[in-house]
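The values are calculated or read from the model by the stated rules, or taken from the named source; none is laboratory data. This is a predicted model, so every value here is computed, not measured. Cβ placement follows ideal geometry from the backbone for every residue including glycine, while neighbour counts extend to all protein chains displayed. To get the accessible areas, we keep the full protein, side chains included, count just its heavy atoms, and leave off ligands, DNA and RNA. Shrake-Rupley method; radii C 1.70, N 1.55, O 1.52, S 1.80 Å.
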Amino acid sequence: MTSARVVVWRNGTATAVAPDEPVVTGFDLGLGRGDGVFESVLVTGGTTPHLDAHLTRLRRSASIMELAHPGDDAVRAVVAAGVADWPAEVEGACRVLLTRGLGDDGPPTLLALLAPVPAETLRQREQGIAVVSLPLGVPADVRATAPWLLGGAKTLSYAVNMAALRHAHAVGADDVVFTSVEGRLLEGPTSTVVWAAGGRLHTPPVDTGILAGTTQARLFDRAGAAGWPTTVTPGSVEDMRSADAVWLLSGIRGAATVTRLDDVPHGDAGLSRRVRELLAR
Ligand code: PLP
């Protein structure tokens, strides 16, 4: 069993520490307020092939949060120290955390936490997921003009997202698609919604305040290059229901096929294989 690893950025150096060693004080604002940002980076074959896209988004999230960023080289260094000697045959999830530290213009806290991808995540990637649609309670356009709602930032404040997942589990589902007040599709608590309809791949617009998914962006780039048209569509749950296939995309789990939507079985018209091939390239 490959054990978890922790790397902390201290005095300009990436330092690997024992996973149970304390690395932040209890006063860290990331701990008390969720005042920070993060990324989950896939480790596969002992490398992080998609790190650059996560570095870009981490910078963007930090900027939206007005959070000091120690620079891409620091982030690369903590990730590299975590991934060093990671066994090629074990898929890993490397979580990069960047918090406001103690605040008052003090240095941010930067950590990399690396652990094997959970077996349940691998199962969902292979076998698909049952999904429920749940209202998030926000109008689709509110976050575009309300910067304090932090639309588009991958913040550490995921308590609502985790509660939605617990609710899904309580009703026998695996995952969630959030909808706006108007019934427009937003995103999953940890994933981007993509559906296939009319010979195209669709995903909701990011001006709804959802996170710009790195996996969705990669899929759309590659699908477009391979002649599968893609489009940004303000869809509804009905659009998902009538779609040929629906996936929830995220860096660690990849493309999870939606096999049940609000308790109704959903097929994938044999398209999941093509999606996986495009993502694997
Ligand atoms: N939306 C949310 C809210 C997420 O937490 C994630 C996961 O990181 C995604 C979308 C998918 O993003 P990515 O494909 O970059 O992992």
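Couple of notes before you dig in:
- Taking the conditions (1) more than 16 Å from the ligand (Cβ to nearest atom); (2) in a helix (DSSP H, G or I) in turn, G101 satisfies each one other than (2).
- Filter result for D52 (more than 24 Å from D221 (Cα to Cα) and loosely packed, with under 15 Cβ neighbours inside 10 Å): no
- Selected residue (criterion: nearest to T259 (Cα to Cα)) from residues of region 153-192 that are more than 14 Å from the ligand (Cβ to nearest atom), part of a loop (DSSP other than H, G, I, E, B) and open to solvent by 20 Å² or more (accessible area, probe 1.4 Å): D174
- Count - residues of region 238-255 that are surrounded by fewer than 23 Cβ atoms within 10 Å (Cβ to Cβ) and over 21 Å from the mean Cα position of the chain (by Cα): 5
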